[in-house]
Amino acid sequence: AHGASGVVSVAGHVCAARYAEMVAEVDAGDLSGARTVATQVRPLVGSIMGTGQGAVMAKHAMHLRGLIGSPAVRLPLVPAPAAEVDALARAMRTEGLLPG
């Protein structure tokens with residue numbers, strides 16, 4: 001909306017198609033459509049960036065989708081608590097990224 005094109009996003013690793021849709025809406029001049037997409041993915045972004053460390057949560061999300069073999073991280077990062085991973089999985093199901 002401010003003249004740039006693209007997104008740098010940790011959550012984008014998990015919902016790249018939605019971010020591409022949002023950027024396409026902006027590029028087409030449909031800011032209302034872009035805001036709709038942004039609003040729809042907000043719970044997922046919040047579960048990745050709002051509770052724990054973003055890279056840790058994104059790695060858990062990629063593991064839940066079966067895209068990587070392990071969510072393990074190296075120090076100083078530590079694994080996410082089970083409650084945060086459960087909330088992430090719920091948000092991913094809502095977004096259609098995991099089976100219901």
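At 1.4 Å probe radius, can you tell me the per residue accessible area of the chain in Å²?
Roughly 60 Å² per residue, with all protein chains present.
Sorted by accessible area (1.4 Å probe), largest first, how do L75, L67, L88 line up?
Listed by decreasing accessible area, they come as L75, L67, L88.
Based on the Cα gyration tensor of the chain, what are the three equivalent ellipsoid semi-axes, each the root of five times an eigenvalue, rounded to whole Å and given largest first?
So the equivalent ellipsoid measures 26, 14, 11 Å along its semi-axes.
Which value, in Å² and to the nearest 10, is the accessible area of S32 when all protein chains are kept and the probe is 1.4 Å?
Counting only protein heavy atoms, S32 exposes about 80 Å² to solvent.
Please work out how much length the chain gains when fully extended from H2 to T51, using 0.36 nm per residue of separation minus the C-alpha to C-alpha distance, in nm with one decimal.
14.8 nm is the gain from fully extending H2 to T51.
Compute, for T94, the solvent-accessible surface of its heavy atoms (probe 1.4 Å) with the complete set of protein chains present, and express it in square angstrom to the nearest 10.
120 Å²
Keeping every protein chain in place, order S5, S47 by accessible area at 1.4 Å, biggest value first, i.e. largest first.
Putting S5, S47 in descending order of accessible area: S5, S47.
If you roll a 1.4 angstrom probe over the protein chains with everything in place, what fraction of the accessible area of the chain belongs to carbon and sulfur, to the nearest %?
With neighbouring chains kept in place, the figure for the chain is 59 percent.
The values are calculated or read from the model by the stated rules, or taken from the named source; none is laboratory data. Since the structure is predicted, the reported quantities are computational estimates derived from the model, not experimental observations. With ligands, DNA and RNA removed, areas are computed over all heavy atoms of the protein, side chains included. Shrake-Rupley method; radii C 1.70, N 1.55, O 1.52, S 1.80 Å.
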